[in-house]
Amino acid sequence: MRVGSVVLLKEQLCVQSYGWNTIRPLGSLQGVLDSLEEYQCDEVAIIRPVRKNDTLNKFQQDIKVIKALKTMTPISFGGGVRSIEHLNLLKGLPIERIIFSSAFLEKKRELITLAKDLFGHQAIKCLLPICYQNNKVHVYHSSLGNYVPLSNIDTKFIDELANEIVLFDTQHEGGKDQFDWLLLSGIPFPLEKIIISGGIGKKTKLSAQQQNIASVLIDNKVLHQEYSILDYKYA
Amino acid sequence: MSVDILDVGSGNIWSIKNWIEKANVSARVVSDASDIKANLLILPGVGSAGSYMQRLKQGSYDQAILEHLDKGGRLLGICLGFQIMSAYSEEDGGIEGLNLIDGHVERLLGKVSHNSWEPISLRKNELDGQSFHRQMNLSKKQILNGRVFYNHEYGFVNNEKKSFSISVSNSLSKYSGLLVKDKIIGMQFHPEKSQITGLDLISMIL
């Protein structure tokens, strides 16, 4: 099982996020990636935590930062990749995998298929920011700016086109060992395709390993504990 | 020693340039088939086999690669760039490859996909049977021991008897993770994203 990290990129700088709402500045993306590479982090998911008010211009500004990156760590990138125009800006960047969220929820087959042709099916990830509300799993639909019930989502479409699916526990993001395992009970994807994030701790990592989950992405709080990535890997 | 990286319109070209330059060797990104001049040509590969081969043919890159080898140049293929060196890939309903290595590419058996780090161990003298000799003395290392990053759904089945091949892993032993045949070297993993091991490897082969 891989042990990676989530890095949030907001207005060209990294931020820490707690509970999907509170953010604090963290520094430059290159600096954060250099640290994670030094700790031999298995992979990094760079996510723009955008909502419905995202614009192509904001996207282009963030892409400039990605383009300038020098890294030898596997990178996934997503957040606001909502059109072919966005996708074309990703060509040649130092990233291996693309993360889509709204595009999967809105079943944008043409966009995702084009991404598959450009980057390969192995490169396509789906991000589902999820939480438990009224005894049901809900998914945050970022281009709408609200939560929708998972039952309203075409999960077969996601399973067909996504190589891996990131389940991001929005309520426990930033917490330690608080990932809500109940979230997996209603998820119809094979566990070996699932990556979990949000509230990951060492106990969560061990449990994920036992369940044959593909990867855990530790929240950005790892950057306050220099050696924690190695601790997690050998937990 | 010079290195050209072939840009056919997809793939993480700049990661590969960064990888080569970390070894203090300059590399050019080449997007015109007639502009290939270096001793070592790198064929990066990201995407699906069908659209990738289509782009190779449209830009006459396929012919340029053959001419490069005819002139005695060395060739390094990475991931899909390695797979399309085979005779045939079953991706996208079946694609004819460059047929530089006797082998074929098939969907990984019993796997959703293989997205993982795997250990690799290689002695430099194991490559001596091939003509892919290093030309620079960048490292005195004789043994490479480390881990490399894989992200693929298809695997290369090698039929070349005189080649040097290391399998992907114990559970994917049918497929080549690294293959050297004459002046051609193929890597199913992503050396440019394999951190310290990737750097050690490029220092050993350049």
**Fill in**
From the cross-link list A:LYS193/B:LYS22; A:LYS116/B:LYS124; A:LYS67/B:LYS57; A:LYS70/B:LYS162; A:LYS203/B:LYS124, the entries with a Cα-Cα span beyond 31 Å are A:LYS193/B:LYS22; A:LYS116/B:LYS124; A:LYS70/B:LYS162; A:LYS203/B:LYS124
**Prompt:** Is the shape of the stretch A:1-137 rounded, prolate or oblate, going by the alpha carbon gyration tensor and its root eigenvalues a ≥ b ≥ c, with a/c under 1.5 for rounded and a/b larger than b/c for prolate?
**Reply:** rounded
**Fill in**
Checked chain A with the C-alpha gyration tensor, a ≥ b ≥ c its square-rooted eigenvalues, rounded below a/c of 1.5, otherwise prolate if a/b is larger than b/c and oblate if not; verdict rounded
**Item:** 3J(HN,Hα) from dihedral phi, the stretch B:172-184, Karplus parametrisation 6.51/-1.76/1.60, rounded to Hz, x for glycine, proline
**Value:** 10, 6, 5, 10, 7, x, 9, 9, 10, 9, 6, 9, 10
**Request:** Mind checking A:70-78 for the average number of partner chain beta-carbons within 10 Å of each residue's beta-carbon?
**Result:** 5
**Fill in**
With a ≥ b ≥ c from the Cα gyration tensor eigenvalues, square-rooted, and the rule rounded for a/c under 1.5, otherwise prolate when a/b > b/c and oblate otherwise, the stretch B:42-191 is oblate
**Message:** Relative contact order for chain A: what percent, with Cα pairs under 8 Å and sequence separation of 6 or more?
**Reply:** 22
**Fill in**
Helix-only [θ] at 222 nm, chain A, -39500 (n - 2.57) per DSSP H run of 4+, per residue, nearest 500, equals -7500 deg cm²/dmol
**Asked** Considering only protein heavy atoms, what is the solvent-accessible area of A:THR22 at a probe of 1.4 Å, reported in Å² to the nearest 10?
**Response** 80
**Message:** Let me confirm one metric for peptide A:110-122, namely the mean number of other chain beta-carbon atoms within 10 Å of its residues' beta-carbons.
**Reply:** 5
**Asked** Which whole number gives the average, over all residues in B:183-193, of C-beta atoms from other chains lying within 10 Å of the residue C-beta?
**Response** 2
**Asked** Which of the peptides B:24-36, B:96-108, B:179-191 is most tightly packed, and how do the rest follow, going by the mean number of other Cβ atoms within 10 Å of each residue?
**Response** B:179-191, B:96-108, B:24-36
**Prompt:** Around A:ILE194, which amide H atoms from residues at least 5 apart in sequence, or from another chain, sit under 5 Å from its own amide H, with H modelled in the peptide plane?
**Reply:** A:ILE165, A:ALA214
**Prompt:** What ranking, highest mean first, results for peptides A:98-104, B:141-147, A:139-145 when packing means the other Cβ atoms within 10 Å averaged over each residue?
**Reply:** A:98-104, A:139-145, B:141-147
**Summed side-chain charge close to B:ARG55 - residues other than B:ARG55 whose Cβ falls under 14 Å, Lys, Arg +1, Asp, Glu -1** = -3
**Item:** Rg followed by Dmax, in Å, when the stretch B:1-74 is reduced to its Cα trace
**Value:** 11.9, 35
**Item:** Distant-in-sequence amide H partners of A:LEU8 (H built 1.01 Å from N, under 5 Å)
**Value:** A:VAL15, A:ILE47
**Request:** Sum up the charges of everything whose Cβ sits under 12 Å from the Cβ of A:GLY186, counting Lys and Arg as +1 and Asp and Glu as -1, but leave A:GLY186 out.
**Result:** 0
**Asked** So how many Å³ per residue does the convex hull of the Cα atoms of the protein assembly as shown work out to?
**Response** 131
**Prompt:** What number, rounded to the nearest 500 deg cm²/dmol, is the helix-based mean residue ellipticity at 222 nm of chain B, given -39500 (n - 2.57) per DSSP H run of at least four residues and division by all its residues?
**Reply:** -6000 deg cm²/dmol
**Message:** Through the Karplus equation 6.51 cos²θ - 1.76 cosθ + 1.60, θ set to phi - 60°, convert the phi angles of the stretch A:114-123 into ³J(HN,Hα) values in whole Hz; use x for Gly and Pro.
**Reply:** 5, 4, 4, 5, 7, 10, x, 5, 5, 8
**Message:** Over the Cα atoms of the stretch A:43-100, each weighted equally, I'd like the Debye log10 I(q)/I(0) at q = 0.15, 0.21 Å⁻¹, rounded to two decimals.
**Reply:** -0.39, -0.77
**Complete:** The alpha-carbon center of the stretch A:90-151 and that of the stretch B:133-195 are separated, in whole Å, by 33
**Request:** For a quick protection proxy, order the peptides A:115-125, B:50-60 by their average other-Cβ count within 10 Å, most packed first.
**Result:** A:115-125, B:50-60
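The values are calculated or read from the model by the stated rules, or taken from the named source; none is laboratory data. Given the structure is predicted, the values throughout are model-derived calculations rather than measurements. As a convention, Cβ positions derive from the backbone with ideal geometry for all residues, glycine included, and neighbour counts pool all protein chains shown. For accessibility, only protein heavy atoms count, side chains too; no ligands or nucleic acids. Shrake-Rupley method; radii C 1.70, N 1.55, O 1.52, S 1.80 Å.
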